[in-house]
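Encoded as structure tokens, here's the structure I'll be asking about.
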Amino acid sequence: MAFFGLFALQHRGQEAAGIATSDGSRVRMHKDSGLVANVFTPATMATLTGYHAIGHTRYSTTGSSTWRNAQPVYRDAGPTQFALGHNGNLVNAGELRTALASDLPEAEFTSTTDSELIAFAIQQAVNGGLDWDAAIRGAAERCRGAFSLVIGTPEGLFALRDGHGIRPLVFGHMGELEEAQWVASSESCGL
């Protein structure tokens with residue numbers, strides 16, 4: 001389902017594509033440079049087991065067009081892990097990078113994107129003892145700009161956008177509401 005959602009959203013970015021899945025205990029991910037149809041083969045899709053997923057197609061707004069800037073962004077957080085897909089731009093990226101470098105001297109920034117900064121802010125909050133909901137809300141409050149996020153954890157999926165609601169984020173479901181499979185996307189064609 002995530003693959004076909006990304007395929008429908010290919011026009012949103014043609015530099016790279018990625019999917020992260022979870023089975024409730026761990027996050028698995030595959031991403032690479034190129035088009036969705038080229039990044040995912042039957043062999044790579046077979047490794048992405050689980051019952052929820054996030055995906056991303058990339059076009060550069062912040063950071064160069066390199067593999068290390070492909071999304072989702074993956075981070076370990078204490079004994080668990082998560083993956084994040086980001087659409088938008090942070091206007092306080094420099095300030096946030098400086099604050100995170102000060103708060104997390106062991107942090108190794110590996111990309112040139114503001115997406116990685118959001119992931120580090122969530123990681124810091126989770127490592128500080130917050131649950132996923134509080135950690136994601138706290139990290140989002142540190143971010144200034146126009147953005148929407150999808151975040152996959154072993155416990156579930158989160159989708160949000162900045163407080164001004166500038167970037168698109170749509171929700172839909174498959175099946176009856178009592179047992180629906182929920183879907184979030186940057187635009188309705190992804191549903």
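Do we have any residue at all in segment 3-13 that's open to solvent by less than 40 Å² (accessible area, probe 1.4 Å), of a type outside the set (Gly, Ala, Ser) and either in contact with an Asp or Glu (Cβ under 6 Å, 6 or more places away or on another chain) or within 18 Å of residue 155 (Cβ to Cβ) (or both)?
No; the residues of segment 3-13 include none that is open to solvent by less than 40 Å² (accessible area, probe 1.4 Å), of a type outside the set (Gly, Ala, Ser) and either in contact with an Asp or Glu (Cβ under 6 Å, 6 or more places away or on another chain) or within 18 Å of residue 155 (Cβ to Cβ) (or both).
Please determine whether any residue of segment 77-88 is over 23 Å from residue 135 (Cα atoms), out of contact with any strand residue (DSSP E or B) (no Cβ under 6 Å at 6 or more places or on another chain) and not in a loop (DSSP other than H, G, I, E, B).
no
A further question on this structure: Quick one: is residue 102 at negative phi, of a type in the set (Ser, Thr, Tyr) and either surrounded by 13 or more Cβ atoms within 10 Å (Cβ to Cβ) or in a loop (DSSP other than H, G, I, E, B) (or both)?
Here the answer is no, as residue 102 does not meet what is asked.
When you check residue 72 against the structure, is it buried (at least 21 other Cβ atoms within 10 Å of the Cβ) and either modelled with pLDDT of 90 or more or among the hydrophobic types (A, V, I, L, M, F, W, C) (or both), yes or no?
Criteria met by residue 72.
Let me ask you something else. Check off (1) free of Cβ contacts under 8 Å to residues at least 40 places away in the same chain; (2) of a type in the set (S, T, N, Q); (3) in contact with a strand residue (DSSP E or B) (Cβ under 6 Å, 6 or more places away or on another chain); (4) in a loop (DSSP other than H, G, I, E, B) for residue 71 and give me the number that stays unchecked.
Against the list (1) free of Cβ contacts under 8 Å to residues at least 40 places away in the same chain; (2) of a type in the set (S, T, N, Q); (3) in contact with a strand residue (DSSP E or B) (Cβ under 6 Å, 6 or more places away or on another chain); (4) in a loop (DSSP other than H, G, I, E, B), residue 71 comes up short only on (1).
Is one or more of the residues making up segment 134-148 crowded, with 17+ Cβ neighbours inside 10 Å, modelled with pLDDT of 95 or more and more than 26 Å from residue 12 (Cβ to Cβ)?
For segment 134-148, residues crowded, with 17+ Cβ neighbours inside 10 Å, modelled with pLDDT of 95 or more and more than 26 Å from residue 12 (Cβ to Cβ): present.
Kindly evaluate residue 151 against the criterion of being under 24 Å from residue 11 (Cβ atoms), crowded, with 22+ Cβ neighbours inside 10 Å, in contact with a Phe, Trp or Tyr (Cβ under 7 Å, 6 or more places away or on another chain) and at pLDDT 95 or above.
Yes; evaluated as a whole, the condition is true for this residue.
Regarding segment 170-184, can at least one residue be identified that is closer than 16 Å to residue 121 by Cβ, out of contact with any Ser or Thr (no Cβ under 7 Å at 6 or more places or on another chain) and open to solvent by less than 100 Å² (accessible area, probe 1.4 Å)?
No; the residues of segment 170-184 include none that is closer than 16 Å to residue 121 by Cβ, out of contact with any Ser or Thr (no Cβ under 7 Å at 6 or more places or on another chain) and open to solvent by less than 100 Å² (accessible area, probe 1.4 Å).
Within segment 39-57, which residues are touching a Gly at 6+ places or on another chain (Cβ under 8 Å) and within 13 Å of residue 17 (Cα to Cα)?
Those that are touching a Gly at 6+ places or on another chain (Cβ under 8 Å) and within 13 Å of residue 17 (Cα to Cα): 39, 54, 55, 56, 57.
Modelled with pLDDT of 90 or more, in contact with a His (Cβ under 8 Å, 6 or more places away or on another chain) and surrounded by fewer than 19 Cβ atoms within 10 Å (Cβ to Cβ): is that true of residue 130 in this structure?
no
Looking at segment 8-20, can you tell me whether even one residue there is among the charged types (D, E, K, R) and assigned to a helix (DSSP H, G or I)?
Yes, segment 8-20 contains a residue that is among the charged types (D, E, K, R) and assigned to a helix (DSSP H, G or I).
Next up: Taking segment 21-47 as the region of interest, how many residues are surrounded by 20 or more Cβ atoms within 10 Å (Cβ to Cβ) and either free of Cβ contacts under 8 Å to residues at least 12 places away in the same chain or in a loop (DSSP other than H, G, I, E, B) (or both)?
Result for segment 21-47: 1.
The values are calculated or read from the model by the stated rules, or taken from the named source; none is laboratory data. Bear in mind that the values here come from a model prediction, so they are computed numbers and not experimental data. Every residue, glycine among them, receives a Cβ derived from its backbone with ideal geometry; neighbour counts consider all protein chains shown. For the accessible areas, the whole protein counts, side chains as well, though only heavy atoms, and no ligand, DNA or RNA atoms are used. Shrake-Rupley method; radii C 1.70, N 1.55, O 1.52, S 1.80 Å.
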